[in-house]
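The values are calculated or read from the model by the stated rules, or taken from the named source; none is laboratory data. All of these numbers come straight from a predicted model, not from anything done at the bench. Neighbour counts are summed over all protein chains in view; Cβ atoms, including those assigned to glycine, are modelled from backbone coordinates with ideal geometry.
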Amino acid sequence: MIEVLPHPGCPGHRLLDTGEGERLERLGPWTLRRPDPQALWRKRLGDDAWGAEGLRFVRESDRGGRWELQGGRRPPEAWPLELAPGVTVEVRPTPFKHVGLFPEQAAHWAWVAERRRALAAAGVGRPRLLNLFAYTGAASLHAFRQGFEVTHCDASRASLDQAARNARLSGLPEDALRWMLEDAPRFAARERRRGRRYHGVILDPPAYGRGPRGEKWLLETGLAPLLEDCRALLEEDAPSFLLLSAYAVGFSALSLRNLLAGLGPGRVEAGELALPEEGAGARLLPCGLSARLVLGD
């Protein structure tokens, strides 16, 4: 069954309104207005709300755009946002409209915490987790605080540097996580050859990308073999798990569920990630797809 995954809320984030191709949200003390092609409906709030002091993203091409000031005060280039005790990340608006954080992924952080409890109940004291395409590290930091030994892998030096800053903001020592500046599929295949095993693998692959040595990534052709490598990395004698996210792709959640189901025995779930608006009768803003595989559960 395909469902909208429950969202537990993301501390410091509020989705104020959506509509007419935009989203209006609050991240810490600042209001951000940016495009969102999923918001096809009419806005609920008026010009006073949408014109409030903060930043507005203006698209200049399909390659990006710029943030314009709305109102009198200009936000800093970046500011901290506490997501949980011991988990603080840097909000940093970029020319690609991203801000260093995907609040809808709070659904995944909560689910990984559930899996940690299941592993503890199975007698696993310090489970190992691999985070591929790990971006700026919110999922890695949550997993570390939940008791995982975390390997954080991303091909972008800028993203890895921001993840390291987030770890410092969160009070973690330099060696708390295993940091890998690597092409994710290449790294997963190498870990498989080495015979390494993990109790959890999470991945959030882009539709298109390049590795640090020019490796080309296309989701349509690369995802299935990557998932096979990830499945081979899972510990068999524990309730290990695989968690997949996908954004801006032409697939359905059913496609992702079928991919995971084809990897062998295990419980498979799939659904949509969504953010709820504030207020009564809040609408859900579709944000991406998710599929989950759990072994021995």
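Here are 54, 72, 123: which of them is loosely packed, with under 14 Cβ neighbours inside 10 Å and at pLDDT below 95? When all the criteria are applied, what remains is 72.
Scanning segment 126-151 for residues that are part of a strand (DSSP E or B) and under 13 Å from the mean Cα position of the chain (by Cα), we see that the one that is surrounded by the most Cβ atoms within 10 Å (Cβ to Cβ) is 131.
Screening 3, 82 for residues that are surrounded by fewer than 18 Cβ atoms within 10 Å (Cβ to Cβ) and within 30 Å of residue 260 (Cβ to Cβ) leaves exactly one candidate, 3.
Note on segment 92-120: among residues that are charged (D, E, K, R) and over 14 Å from the mean Cα position of the chain (by Cα), the one that is surrounded by the most Cβ atoms within 10 Å (Cβ to Cβ) is 115. Residue pairs whose Cβ atoms lie under 9 Å apart, separated by 6 or more positions or on different chains, with the first residue in segment 267-280 and closer than 19 Å to residue 247 by Cα and the second part of a loop (DSSP other than H, G, I, E, B) and not hydrophobic (A, V, I, L, M, F, W, C), are 270/252; 273/7; 273/247; 274/7; 275/7; 276/7; 276/9; 276/283.
Do we find a residue being more than 25 Å from residue 37 (Cβ to Cβ) and touching a residue at least 60 places away in the same chain (Cβ under 8 Å) anywhere in segment 142-153? Scanning segment 142-153 turns up at least one residue that is more than 25 Å from residue 37 (Cβ to Cβ) and touching a residue at least 60 places away in the same chain (Cβ under 8 Å).
Taking the criterion of being touching a strand residue (DSSP E or B) at 6+ places or on another chain (Cβ under 6 Å) and either surrounded by 21 or more Cβ atoms within 10 Å (Cβ to Cβ) or not charged (D, E, K, R) (or both), the residues of segment 260-276 that qualify are 260, 261, 266, 268, 270, 271, 273, 274, 275, 276.
Each row is one residue, and each column tells you yes or no for (1) of a type in the set (Val, Ile, Thr); (2) surrounded by 20 or more Cβ atoms within 10 Å (Cβ to Cβ); (3) assigned by TED's automatic domain parsing to the domain that holds residue 171.
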| site | (1), (2), (3) |
| --- | --- |
| 27 | no, yes, no |
| 31 | yes, yes, no |
| 37 | no, no, no |
| 50 | no, no, no |
| 68 | no, no, no |
| 76 | no, no, no |
| 90 | no, yes, no |
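Whenever a residue of segment 170-195 is under 10 Å from residue 211 (Cβ atoms) and in a helix (DSSP H, G or I), its partners that are among the aromatic types (Phe, Trp, Tyr) and at pLDDT 95 or above, lying with C-beta atoms within less than 6 angstrom and at least six residues away or across chains, give the pairs 184/133.
Listed here are the residues, each with its yes/no results for (1) under 18 Å from the mean Cα position of the chain (by Cα); (2) surrounded by fewer than 17 Cβ atoms within 10 Å (Cβ to Cβ); (3) of a type in the set (Val, Ile, Thr).
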| residue | (1), (2), (3) |
| --- | --- |
| 166 | yes, no, no |
| 188 | no, no, no |
| 193 | no, yes, no |
| 198 | no, no, no |
| 211 | no, no, no |
| 216 | no, yes, no |
| 222 | no, no, no |
| 231 | no, no, no |
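Enumerate the pairs (first residue in segment 29-46 and among the aromatic types (Phe, Trp, Tyr); second residue anywhere and crowded, with 19+ Cβ neighbours inside 10 Å) with beta-carbon separation below 6 Å, excluding pairs fewer than 6 apart on the same chain, so at least 6 apart or on different chains. Taking only residues 6 or more apart or on different chains, the pairs are 30/54; 30/75; 41/19.
When 275, 293, 243 are screened for being at pLDDT 95 or above, of a type outside the set (Ser, Thr, Tyr) and closer than 24 Å to residue 21 by Cβ, only 275 passes.
Checked against (1) polar (S, T, N, Q); (2) without any contact (Cβ under 8 Å) to a residue 24 or more places away in the chain; (3) under 19 Å from residue 101 (Cβ atoms), residue 61 passes all but a single condition, namely (3).
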